[in-house]
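Student: Sharing a structure here in structure tokens format.
Where a number appears in this text, it was derived from the coordinates with a stated rule and is not lab data. Everything numeric here is computed off the predicted structure, so don't read it as measured data. Note that we place each Cβ from the backbone using ideal geometry, even for glycine, and neighbour counts take in every protein chain shown.
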Amino acid sequence: METNPERRIFLKGSIALSVLGTAIGTGLLTPRAVLAAWPADAFAAKKVPDAMKALAGSDQMSDSSEIKIKAPDIAENGAVVPVTVSSGIDGIESISIIAVNNPAPLIASFNLGEGAEGFVSTRIKMGKTGDVVAVVKAGGKLYSAKKEVKVTIGGCGG
């Protein structure tokens, strides 16, 4: 008797979905609880200092050569700009990505668990040419590094 891999994948997916549905239905997993920590004020802020104060409680950042940003020098399409941030700073709590010239500059914020490697990679939208800033929170302090990215076709409605 031959095993059908498509059937197996379907069954695994069905079981996972039913377990998730049961967890939500019984109140063990509530979407409201997951979104409770969402820093809405930080992501809605129109200026970088306001976003950082809402997110981290401070906008005082020190430049750090220990933060590396990998992003293209020229982004042909601002709707999809690959960005990778890495850092070897000890005790990293979070890594945030800011596109300074966007209408809402805070793009992403990643909270890292204790002992996690200081590395994140994502794709962001940029409306126009400007600096991409990586902010690393470690030991209660904020460290930053920036890289200019030139955008030829805007991704934020431009």
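Student: For region 71-105, give me each residue that is part of a strand (DSSP E or B), over 16 Å from V149 (Cα atoms) and among the hydrophobic types (A, V, I, L, M, F, W, C).
Tutor: I92, I95, listed by residue number.
Student: Another question, if that's okay. Being more than 23 Å from A138 (Cα to Cα) and of a type in the set (D, E, K, R) is the filter here, so list the residues in region 62-86 that pass it.
Tutor: Passing the criteria: D73, E76.
Student: So, one more: Got at least one residue in region 113-126 being assigned to a loop (DSSP other than H, G, I, E, B) and in contact with a Gly (Cβ under 6 Å, 6 or more places away or on another chain)?
Tutor: Yes, region 113-126 contains a residue that is assigned to a loop (DSSP other than H, G, I, E, B) and in contact with a Gly (Cβ under 6 Å, 6 or more places away or on another chain).
Student: Report yes if V100 is under 23 Å from A40 (Cβ atoms) and buried (at least 22 other Cβ atoms within 10 Å of the Cβ), otherwise no.
Tutor: No, not satisfied.
Student: I would also like to ask the following. Is it the case that region 146-157 has a residue that's assigned to a strand (DSSP E or B) and of a type outside the set (D, E, K, R)?
Tutor: yes
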